[in-house]
Amino acid sequence: MTASSNYLIAGNWKMNGLKHSLGELDAMAKGVKAGSANGASADMIVCVPASLLTLAVERCANTPVEIGGQDCHANASGAHTGDISAEMIADTGAKWVITGHSERRTDHGESDSEVKAKSEAAQRAGIVPIICIGETGEEREQGRTLDVLEGQLEGSLTNDGDFVVAYEPVWAIGTGLVPTLDDIEAAHRFIREYLENRYPGSGSDVRILYGGSVKPGNAAEILGIDNVNGALVGGASLKADDFLGIWRAAPS
Ligand code: PEP
């Protein structure tokens, strides 16, 4: 399992973005280049819709920004109309893919074992899966958050290889609601302990991202929490100014 100690700020454009949106990517790349020259060290990636993968990779060539997909099929090729394989994503030059986002788990009924198979497919294709887990509001109210996280970690993570974990409470995604800093700290500590137990020697290096209504205004306090190694950002990743504001908030 390889890992970087840099903070990772990952954008998820979801089903948003047309060709003209690539101007935002140009501005992000320019901002990261300038910020890095001034000592900022976080990594930035943007996970774009499949329609923009090739163009986005081209636009970000020779810049510090890397591109990812938002989902992949577990198979390398075949009769799966409308799907995209990890090999196809890698073929565009993209280096990352989100797997198990709660919108995939809900809209497409993806199970933990499917998420694991997709994540293994990403590794097979040479790209890094960002594996998402998180409890629903109902599960949290029932006091089941850590049990749910443990089940998802057990079922969704690959047995080895490179990956990133994104903890995204489902009720915090796109709602403007954010757990307390103590609750984020407790969830990330739990995930870290799980990783260290399951992957002795490397579990302490896996980056754990927090996702759910991260904005420029709350990024610094969230990114300052122990075991928060970056953020997965939806809405605020669509505009360069907002996304760069989050990126700049990462500790150097
Ligand atoms: C997401 O889609 O992964 C996400 C965290 O969205 P938002 O930042 O809009 O809550």
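Considering only Leu157, Ala121, Ile131, and ranking their Cα positions along the charge dipole of the stretch 120-160 that arises from unit charges at the beta-carbon of Lys, Arg, Asp and Glu, the one farthest toward the positive end is Ala121. Could you tell me which of rounded, prolate or oblate describes the chain, using a ≥ b ≥ c as the square roots of the eigenvalues of the alpha-carbon gyration tensor, with rounded for a/c under 1.5 and, failing that, prolate when a/b is larger than b/c and oblate otherwise? Rounded shape, in that the Cα axes give a/c under 1.5.
Comparing Cα centroids, the stretch 154-206 and the stretch 34-107 end up 20 angstrom apart. Summarising the label geometry, the points placed 7 Å from Cα in the beta-carbon direction at Glu193 and Thr63 lie 4.2 nm from one another.
Remark: spin-label model distance Ser51-His108 equals 1.7 nm, labels positioned 7 Å along the Cα→Cβ axis.
No value in this document is a laboratory result; all are computed from the given coordinates. What you see is a predicted model, and the numbers here were worked out from it, not measured in a lab. Note that we place each Cβ from the backbone using ideal geometry, even for glycine, and neighbour counts take in every protein chain shown.
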